[in-house]
1. Can you tell me which of I112, I59, I225 moves the most in a GNM of the chain? Springs connect C-alpha atoms under 10 Å apart.
2. Taking neighbour Cβ counts within 10 Å as the exposure measure, how do T101, T70 sort from fewest upward?
3. Would you mind ranking D214, D62, D200 so that the residue whose beta carbon has the fewest other beta carbons within 10 Å leads the list?
4. Anyone know which of L156, L182, L103 comes out most mobile in the 10 Å Cα GNM of the chain?
5. Would you mind giving the average projected area, over all directions, of the Cα convex hull of segment 1-80 in nm² with one decimal?
6. Let's see if you can work this out: charge +1 on each Lys and Arg Cβ, -1 on each Asp and Glu Cβ, no other charges. What is the dipole magnitude of segment 2-287 about its Cα centre, in debye to the nearest 20?
7. As a footprinting exposure proxy, order Y284, Y9 by other Cβ within 10 Å, with the fewest listed first.
8. As I understand it, the dipole of the chain uses +1 on the Cβ of Lys and Arg and -1 on the Cβ of Asp and Glu, about the Cα centre. Which of I42, Y110, G52 lies farthest toward its positive end?
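Here, each number is a calculation from the coordinates, and none is a lab measurement. For clarity, every value in this text was computed on a predicted model and none was experimentally measured. Quick reminder, even Gly has a Cβ in these numbers, built from the backbone with ideal geometry, and neighbours come from all protein chains shown.
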Amino acid sequence: MKIFEKWTYLILLSFIYGSAFILIKKGLLGLTPIQLASLRVIFSAFFLSIFGFKTLKLIPNDKWKWIILTGFIGNFFPVYLFSFSQTIINSSVAAVLSAMTPLFTIIFGYFIFAKRFNQNKIIGVFIGFIATMFLVSNEISINSDYGGIFSILIILATVCYAINANLVKYKLKGVSVVAIALGNFISVLPFGVLIFCFSDFPIYNFYESPLILDSILYILVLALIGSALANVMFNKLISISSPVFSVSVTYLLPIVGIGWGVLDGEIFSKFQWISCFIILYGIYLVTKKNRQ
């Protein structure tokens, strides 16, 4: 039953996170990267507060430092990094680059938390990593002037996710998953509001622009589903599995992200589709258990 629960969360999260990239792409049509990221933080904190505010009292005092730290590392910085990167990088390629998260999760788990991993997991992660490099090679060659630079922003975000997954697993064990998610966004909310106030958003007449209104609608959906709900689900997945299994959701993101990208007119080659199937084999190795 626990295996079924883990895979259910993994599949649902892959669809939610994979859809986030196209929502960011649409949101950037009427908003700047700073405005988009700030609104995402503000809306997410609002949605989580509606049904989870009472859970804050469940957080032990000695855990708040980790709540604040994971708030910045796992939510605040990645939100802004992805927003800026997708001003150049296609949504489908952004989803693919996210598949590097398990590699960094294993690295940080090993060197910081002394977590041992079996051979299958290590081989699976590197197979997925190599396939990911094949996937982005075409994008970087097309955007030779900026593709590499903006790809680095996504890689930095995956590093943040990897550190966050380990911190939530080993430093916030036993804390309510809703409390963690809400505590994260409450911690970064003042900074999100402050940055938004200096983003030149037309606060008094934004409703006169249909493009801005459409973009805000996309970010509302992104904040509710892709940030608030997804964070609770991801924390739950970490609590019932391992950090590596949890971030393996990023190996399924390319399938969803590419699908949305193709529907939106983005071009994706047969060679890159083959790489996606190699990535699926990588996640199989990562999640495969050793036989006794």
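1. I112
2. Values: T101 29, T70 26.
In order of increasing Cβ crowding within 10 Å: T70, T101.
3. Starting with the residue having the fewest Cβ neighbours, the order is D62, D200, D214.
4. L156
5. Details: hull surface 28.1 nm².
Mean projected area of the Cα convex hull: 7.0 nm².
6. Working: 17 positive and 9 negative charges, 266 e Å.
Its charge dipole is roughly 1280 debye.
7. Values: Y284 15, Y9 20.
The most exposed by this proxy come first: Y284, Y9.
8. Y110
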